[in-house]
C-alpha cells in the first residue's frame, strides 16, 4: 500500500516560498484511484512526487511500510512504481517491441509483446516493429506506454492526465483500456484526470484544490457533489 504522511512541497517564487502541496495525508489502498481538481491545484506535482521525480519539502512517502521519501525515480521503479507522462516520450531508433522488452525487464517473445499490445487495443502486426517516433499519434503512444506498464506488472501505476492532447476516438479507446485494467490489475492505478468518464470508473476519488485535499470518497459519494447539474467536464473543472 502507498501512503503519504503530512507531505508538503514548496518552491521559491520571486524570492518568496510558495506552497504547492500542504500537509497531504492519504492512503492509496483501492485498486483504482482518481485525483481531480482545478488546474494549478497540485495534482501533477503530487503524481511526480509519488514517482520520485520531485521530493517533498517535508513529510513521508511509504510503500508497504517502507519509507521511500528519499529514493530516486529509478529506485522507486525497482520497488514497483510506474509513471506515465502527460506527453509520452518518443524514442527514435527503438522499436515498439524493444521498448516493451525493456519495460518487462526480461527477454520476451514477439508473441508476448503482441499480447501486451492487444490488451491496449492495438493490432500487433501493425505496431510491433515500428519505431517509437513522430510517426505515432499521441493516442497510439499513450496506449503503447500503457502496454509497457502492463508488461512491467508494477504495484503502483500512476497516469498524469492520460486524456491530454488526444482526440475523442483515442480517448474512448483509453477508457476501454482502463476499464479492462481495472478488472485485471493486481496492484493500484492512480490517475490524475478531469474527465467524468474516468472518475466514474474509480473506486476512490480524491479532490485536490489549492494544494490541499478538499474531499475523499467513493465515486458515488464524490461525483454528485462535484457534478450537481454540471453537464461537461470543462464545467466540472470550472466549478471546482
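Any read-out appearing in this document is the output of simple, stated calculations on the displayed coordinates, not a laboratory observation. Everything numeric in this text was worked out from a predicted model, so none of it was measured. Here the Cβ positions follow ideal geometry from the backbone for every residue, glycine too, while neighbour counts run over all protein chains shown.
General observations
- Angle between the chain longest axis and helix 168-184 axis [Cα atoms, degrees, rounded to 10]: 90
- Subtracting the Cα-Cα distance of residue 220 and residue 137 from 0.36 nm times their residue separation leaves 26.4 nm of extension gain.
- Relative contact order computed over the chain (Cα-Cα under 8 Å; 6+ residues apart), in percent: 26
- Computed lengthening from residue 176 to residue 91, 0.36 nm per intervening residue step minus Cα-Cα distance: 28.0 nm
- Within a Gaussian network of the chain (alpha carbon springs, distance under 10 Å), most fluctuating of 158, 120, 177: 177
- Residue 102/residue 164 FRET efficiency (R0 30 Å; Cβ-Cβ; nearest 0.05): 0.80
- Average 1/r across all pairs of distinct alpha carbons in region 2-239, invert it, and you get the Kirkwood radius: 18.5 Å.
- The chain, helix-only ellipticity at 222 nm - DSSP H runs n ≥ 4, -39,500 (n - 2.57), divided by all residues, nearest 500: -10500 deg cm²/dmol
- The label point for residue 6 and the one for residue 201, both projected 7 Å from the Cα toward the Cβ, are 3.8 nm apart.
- Distance between modelled label sites at residue 25 and residue 74, nm, 7 Å Cα→Cβ extension: 3.5
- Beta bridges by DSSP in region 2-239, antiparallel share as percent, to the nearest 5: 60
- In degrees, nearest ten, helix 110-119 long axis to first principal axis of the chain (Cα): 40
- Angle in degrees between helix 138-152 and the longest Cα principal axis of the chain, rounded to the nearest 10: 90
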